[in-house]
1. Test A31 against the stated conditions and say whether it is at pLDDT 75 or above and of a type in the set (A, V, I, L, M, F, W, C).
2. For segment 143-191, which positions are more than 19 Å from the chain's Cα centre (by Cα) and free of Cβ contacts under 8 Å to residues at least 24 places away in the same chain?
3. Please verify whether T373 is under 30 Å from T188 (Cβ atoms) and assigned to a helix (DSSP H, G or I), treating the condition exactly as stated.
4. When A79 is evaluated against the numbered criteria (1) at pLDDT 75 or above; (2) in contact with a helix residue (DSSP H, G or I) (Cβ under 8 Å, 6 or more places away or on another chain); (3) part of a helix (DSSP H, G or I), which criterion, by number, is the only one it fails?
5. Taking segment 135-164, which residues are surrounded by fewer than 24 Cβ atoms within 10 Å (Cβ to Cβ) and among the polar types (S, T, N, Q)?
6. Does V398 satisfy the criteria of being modelled with pLDDT of 75 or more and surrounded by 23 or more Cβ atoms within 10 Å (Cβ to Cβ)?
7. Does segment 1-28 hold any residues that are farther than 22 Å from A470 by Cα and at pLDDT 70 or above, and which are they?
8. Can you pull out every residue in segment 518-555 that is hydroxyl-bearing (S, T, Y) and more than 19 Å from L479 (Cα to Cα)?
Amino acid sequence: MADRVFNPIVGRELIGLVSSRRSLLVQVSLACVFMLLAIIRWPSDAMVDVNGGRALEVFRVFGYGLLIALLLFVPAFPAASIVKERNKGTLALLFNSPMSPWSIYFGKFTGVFVYVALLLGLSVPSVTAIYALGGIDLWQHVAMLYVVLLLMLAQYVAVGLWVSSRSGTPDSAMRLSYLAISALAAVTVVPNFLYFGSPGLAAVICEWLRCVSPVSAVMEIMGHGGVGSRGLGQEESVVLRFCGLSLALTIGFAIATILRLNYRIFDRSRSQGIITNELSSGAQIARGVFYLVDPQRRKSGIRWMNPVFIKEFRTRRFGRMHWILRLIAVCAIASIGMTFVAMQQSQVWGAREVGGILVMLQVLLILLLVPSTTAGVIAAERESGGWTLLQMTPTSAVRIVFGKLMAAFVTVGIVLLGTLPGYIALAWVAPEIKSEVPGVLISLGCTAFFAVALSAFVSSLFTRTAAATATAYGVLILLFLGTLLVWLGRDAPFGYGTVKSALMINPVAGALSEMQTRGFENYDLVPLNWIISFFLGLFCLVGLGWRVYRINRPS
């Protein structure tokens, strides 16, 4: 009787996730991280803090670290759930079974959600120890934090399953899941910063948009709700708004995925092509601008180019020049627009704060773009068998790797150049920061160099693109954002020297220090930060060369 009630997909999904070695490594890593988060700001003396201020500081570091850790690991689990079934042919067998699309989705959603909820449960011993310090409320702090995180997990599992149902390969599903979740968690907060303190409909929309992000809800729980808010009058908290919006988004993505769970999911429409001469004159002119540089058109000097470099640009969508031109245009318009809107709020935000926002947006762009374009340079070739074909060509392994790295560096570099108009506009309206812009650009260049080198090295360690992409995202997020947790613990328990040492290995902190962003103006990180970032990237490139040498040896 129980077998008829229990959904068999739940057990299969859960057992498949729990029984893998990667799952065990994730569980052990998270348990250690949660323990360290509680220890970071643990009182070092035997004195009891009567007002509970120290306990709240420990809880804040723990809460933010817990949020980052979950954002780091959650997208990796639901992203490949449906697309793997489709590629293996088992999804068609499920459609032929008596199970309805709703039952199939419920089984997959429940299995993945239970597993990620178990990962969240690993933090209970640490939060229990923090609660024993006193000073934090069981409902307003602990319970509300876990309610927000559980709703966030449900929403992002639904997003991952929706992305998986619309992707063609597991690695593309992984990349798109990280992009979608990063947009929901980080990008939705940005417009509210730009319209901080402004009246009107646009400001109200931005307030509601920031409530989509769990970051805003966790900040309110931690007592930082006033940061980036216009003063809502406390009529309706961000936490309540997030809960409602999260439930609505979870249901919406679930319905969209269930509607995809039928035989039409196997149909792939292909473009019939466009006859340019039959288009209108305006369409032909616009198409000529978009395809100003066509990588499919053979040039006379192509014989002198690296063939792998050309291959990467012709086979990747965001490697093709017309797509890069579009990305540059979008980045330029977005940076100038954001600078213009932010300077309109000069009574609230200063030029340095606006510069700090520009830096964080560029870092977010690097985090989203680099792993998705670089983490598969070696792993994708090994997974598809393309590496064996490359070995059969006259091209040496050094030239192969150099071509792939150059394609990644050119793509990231050109896109970052598209954000320069924002700094030019900022330096024009605020001449006092003109001398600081070159240092910021050097820091961002070091950030991009290190991110590409690290992602390429991680790619050489795996034979599966999805695993390489998830690991690259995880390491970069841990390095760029995880070290900022030490910065949050400045003055207590970490001293100035400890915080400076932790920030020294983070190229993002170097850019914020150069911009003299609030909280970073007292840390002199450059040029030592640039040197460390460069040599860390160089070390990753050496490791990449060693791995390629091992892979290229006859088996």
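1. Here the answer is yes, as A31 does meet what is asked.
2. A143
3. Yes; evaluated as a whole, the condition is true for this residue.
4. So A79 meets the others, but not (3).
5. Q140
6. no
7. N7, P8, I9, V10, G11, R12 - these are the residues of segment 1-28 that are farther than 22 Å from A470 by Cα and at pLDDT 70 or above.
8. Across segment 518-555, the qualifying residues are Y549, S555.
The values are calculated or read from the model by the stated rules, or taken from the named source; none is laboratory data. A quick note: this is a predicted structure, and the numbers were derived from the prediction, not measured. Cβ coordinates were reconstructed from backbone atoms using ideal geometry, including for glycine residues, and neighbour counts include every protein chain displayed.
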